[in-house]
Amino acid sequence: MAFFTRKIKKELKQAEQAAAAKFQTTETYSEKELLEAEKILREGSVRVRELIAPSAFRVLPDHVELNGLWLRTLFVLVYPRYISVGWFAPIVNLNATLDISMFFYVVPSEIILKQLRNKVGALEAQIVADHDKGAPRDPIRETALRDIEKLRDDLTQGTEKFFQYALYVTLYAHDKKELDKLTEQVESIFGSKLVYSRRALWQGEQGFNSTLPLGNDELQIYFNMNTSPIASSFPFISSELTSDNGILYGINRHNNSLILFDRFSLQNANSCVFATSGAGKSYAIKLEVLRSMMMGTDVIIIDPEMEYKHLCEAVGGAYINISLNSEAKINPFDLPRPIGEVQVSDIIRSAVITLKGLMRLMLGQLTHQEDSIIDRALLETYAKKDITANSDLTKIEPPVMADFEEVLAGMQGGEDLVLRLKKYTQGTFAGLFNSPTNVDVRNQLIVFSVRDLEDELRPIAIYTIVNYIWNVVRSEMKKRILVIDEAWWLMQNEDSAKFIFALVKRCRKYYLGVTTITQDVNDFLTSPYGQAIVTNSSLQLLLKQSPAGIDKVVQTFLLTEGEKYLLLECGVGEGIFFAGSKHAAIKVVASYTEDQLITSDPRQLLEIERAKKEFEASLQELNIG
């Protein structure tokens with residue numbers, strides 16, 4: 001009995017040891033499995049494909065849904081017989097997210113020549129057969145025969161190659177409605193070029209894969225083409241703004257060609273410049289002014305910050321400082337001499353309308369009664385000086401502000417207006433608008449400086465100066481450019497904005513081009529007159545923009561996303577140059593001598609001034625010796 005008990009205990013112990021060994025083996029095996037799985041997981045997590053691949057996507061018959069985006073691929077099926085160079089540019093420049101793939105498969109010339117020879121034989125046989133039967137000629141067959149013969153000649157001479165060409169476009173949108181709208185827009189652009197496109201139905205995944213940067217053509221929808229028509233599809237084209245006449249504006253950043261242009265060759269010679277402070281807008285305009293003067297163009301500048309004084313002195317121009325203490329005076333009641341068949345009565349009526357705008361700037365808001373009183377007083381002020389419809393404007397003496405005040409004081413209801421006007425005739429501001437004009441504008445470059453004027457007077461003074469310049473322009477027909485720096489000052493008031501807009505619209509008839517410069521884009525473009533000024537300007541120069549105003553610029557000039565980021569990130573003197581329907585990225589460049597004349601950098605100006613004093617001192621020593 002004891003023997004059997006010991007035996008049973010021994011067997012139980014062996015069974016326990018076997019079970020423990022088996023458990024240990026199982027546990028060890030599980031750890032190995034976990035380690036292997038973790039190793040595989042780590043390898044998969046660091047692969048580039050795993051990092052960029054979407055978590056999932058859904059393939060539907062006419063589109064693919066990918067991470068909240070809706071995708072659709074279009075492929076080009078048929079091309080017209082003739083197609084212009086750069087026809088694909090509207091698709092490339094479309095303000096939408098899209099991927100484009102082009103696949104080129106070279107076909108050996110000997111294979112194509114053999115096939116073309118057989119095709120020529122068949123066409124000629126058919127044409128001869130039609131002729132023998134007395135059937136009318138078939139222009140389609142004859143045209144095809146001529147095209148094939150020309151292609152055979154080009155392939156034989158090696159001037160052309162033959163390809164199978166595939167073109168795919170994948171569109172991206174945030175919802176089905178946006179995707180359908182974008183698809184119709186792209187199909188419309190293709191259709192306008194007589195290019196027939198189709199949607200990749202039931203092949204959305206293959207279409208998406210074909211436009212990925214992997215070089216896989218999974219659609220394989222080709223069109224037979226030779227070199228020339230394929231080259232017309234090449235998307236990377238740059239606008240050329242080089243002409244035989246005009247001045248150098250800068251370097252085309254697309255292809256390093258020169259941007260030469262004559263602003264007077266367009267439908268109007270007006271220009272707009274938008275840029276942030278320090279982006280180089282004044283530098284670019286001073287360079288244009290200097291080069292325009294070399295071509296014989298007269299230039300008039302309204303300078304709010306005394307930036308053009310150094311240039312004016314260097315070229316011998318007339319620098320006129322307008323301020324309360326300045327000796328230079330401009331009479332807002334001046335009249336231009338009539339040119340051609342313009343009637344004196346029309347000139348007087350136009351002057352009265354302009355002066356009413358000035359009075360609203362000076363006196364504030366006017367009631368209808370006050371507006372009527374001022375209108376009648378202005379006509380009587382001119383009549384008091386014997387200026388009527390029959391007067392000779394070359395021999396008249398224009399009235400001044402004191403004459404207008406005197407007439408207004410004698411009119412019923414004009415007492416309050418006279419009281420508000422007194423500060424411009426007898427008060428603090430009396431020295432500015434109450435004297436006859438004594439400035440001399442017989443110079444190729446004339447700069448009116450308004451830096452020393454108070455902020456309250458600056459819009460009124462600029463309005464008066466522009467009106468005086470307009471009178472000078474209408475008195476003598478010459479090729480001129482008027483530069484209005486910091487034009488947003490005038491956009492703050494409706495009357496001055498309306499006056500500048502009227503000037504921009506009418507100046508073409510008098511051979512004048514108006515350049516408006518501003519750094520406050522929002523104030524300028526939010527004004528309806530500012531928008532109209534841009535529309536009536538054939539030249540636009542956009543330099544570096546601030547993030548706060550870029551959206552308004554994009555909306556106004558219909559810029560692409562690439563052009564938007566170019567304007568946000570470009571350097572000083574870089575931007576986009578618009579000339580009519582063409583535009584190109586530009587870099588404004590100047591020679592060393594030009595840079596010394598037009599620079600606005602205070603450090604350079606101090607160095608120039610120091611060198612000038614040293615030179616004068618050395619001359620004085622030589623004279624003494």
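Computed from the coordinates by the stated procedures, all read-outs in this text should not be read as laboratory data. All values reported here derive from a predicted model rather than from experimental measurement. Note that we place each Cβ from the backbone using ideal geometry, even for glycine, and neighbour counts take in every protein chain shown.
Per-residue 3J(HN,Hα) values for region 104-120, derived from phi via the Karplus relation 6.51 cos²θ - 1.76 cosθ + 1.60 with θ = phi - 60°, read 10, 10, 6, 10, x, 4, 5, 5, 5, 4, 5, 5, 5, 4, 5, 5, 4 Hz in sequence order (x marks Gly and Pro). Descending by average beta-carbon neighbour count within 10 Å, the peptides 165-171, 227-233 line up as 165-171, 227-233, the highest first.
Relative contact order of the chain, please, whole-number percent, based on alpha carbon pairs below 8 angstrom and at least 6 residues apart. Don't skip to the answer; put the middle values down first.
Details: 925 pairs, mean separation 101.1, N = 625.
Normalised by residue count, the contact order of the chain is 16 percent.
Scattering from region 247-337 was approximated by placing one identical point on each alpha carbon and applying the Debye formula without solvent; log10 I(q)/I(0) at 0.11, 0.22 1/Å stands at -0.45, -1.34.
3J(HN,Hα) along region 133-149: 7, x, 6, x, 5, 9, x, 5, 5, 5, 5, 4, 5, 5, 5, 5, 5 Hz, from the Karplus curve 6.51 cos²θ - 1.76 cosθ + 1.60 with θ = phi - 60°, whole Hz, x for Gly and Pro. In a simple Cβ point-charge model (Lys, Arg +1; Asp, Glu -1; nothing else charged), the chain has a dipole of about 1940 debye relative to its Cα centre.
Placing unit charges on the Cβ atoms of the charged side chains and taking the dipole of the chain about its Cα centre, the candidate lying farthest along the positive direction among Gly278, Phe524, Leu74 is Leu74.
Projecting label points 7 angstrom from Cα along Cα→Cβ for Val85 and Phe57 puts them 3.6 nm apart.
R0 = 51 Å: FRET efficiency of Val92 with Ser435, Cβ-based, nearest 0.05? Let's see the in-between values first.
Numbers: r = 60 Å, r/R0 = 1.18.
Plugging the Cβ-Cβ distance into 1/(1 + (r/R0)^6) gives 0.25.
Kirkwood's formula applied to the C-alpha pairs of region 59-232 gives a hydrodynamic radius of 18.3 angstrom.
Sequentially through region 491-502, phi angles give Karplus couplings (6.51, -1.76, 1.60; θ = phi - 60°) of 7, 6, 10, 5, 5, 5, 5, 5, 5, 5, 4, 4 Hz, Gly and Pro residues having no value and appearing as x. The alpha-carbon atoms of the chain, seen along their principal axes, cover 144, 110, 75 angstrom, with the largest extent given first. In the calculated pair-distance distribution of region 331-436, the portion above 18 angstrom amounts to 46 percent of the Cα-Cα pairs. Remark on Asp303: its backbone amide H falls under 5 Å from those of Phe448, Ser449, Val450, a criterion applied only to residues 5 or more positions apart or on other chains, H modelled at 1.01 Å from N.
Using only the Cα atoms of region 472-625, each taken as one equal point scatterer with no solvent, compute I(q) by the Debye sum, divide by I(0), and report log10 of the ratio at q = 0.10 Å⁻¹. Log10 I(q)/I(0), no solvent term: -0.51. From the alpha carbon centroid of region 498-523 to that of region 364-438 is 27 Å.
Rounded to the nearest 20 debye, the dipole magnitude of region 433-583 is 980 debye, with +1 charges on Lys and Arg beta carbons, -1 on Asp and Glu beta carbons, and the Cα centre as origin. Taking the average, over residues, of other Cβ atoms within 10 Å as the packing measure, peptides 196-204, 588-596 rank 196-204, 588-596 from highest down. A simple spin-label model places the labels of Glu476 and Met411 3.4 nm from each other, with each point 7 Å out along Cα-to-Cβ.
Annotation for Ser326 and Glu561: the two label points, set 7 Å from Cα along the Cα-Cβ direction, are 4.9 nm apart.
For region 389-466, the C-alpha radius of gyration divided by 2.2 N^0.38 Å, with N the number of residues, is 1.33. Helix 602-624 and the longest principal axis of the Cα set of the chain meet at an angle near 50°.
Relative contact order of region 447-576: what whole-number percent is it, with Cα pairs under 8 angstrom and at least 6 residues apart?
Values: 127 pairs, mean separation 26.5, N = 130.
Dividing the mean separation by the residue count of region 447-576 yields 20 percent.
Where the alpha-carbon atoms of region 462-560 are placed on the principal axes, they occupy 43, 26, 19 Å, in descending order.
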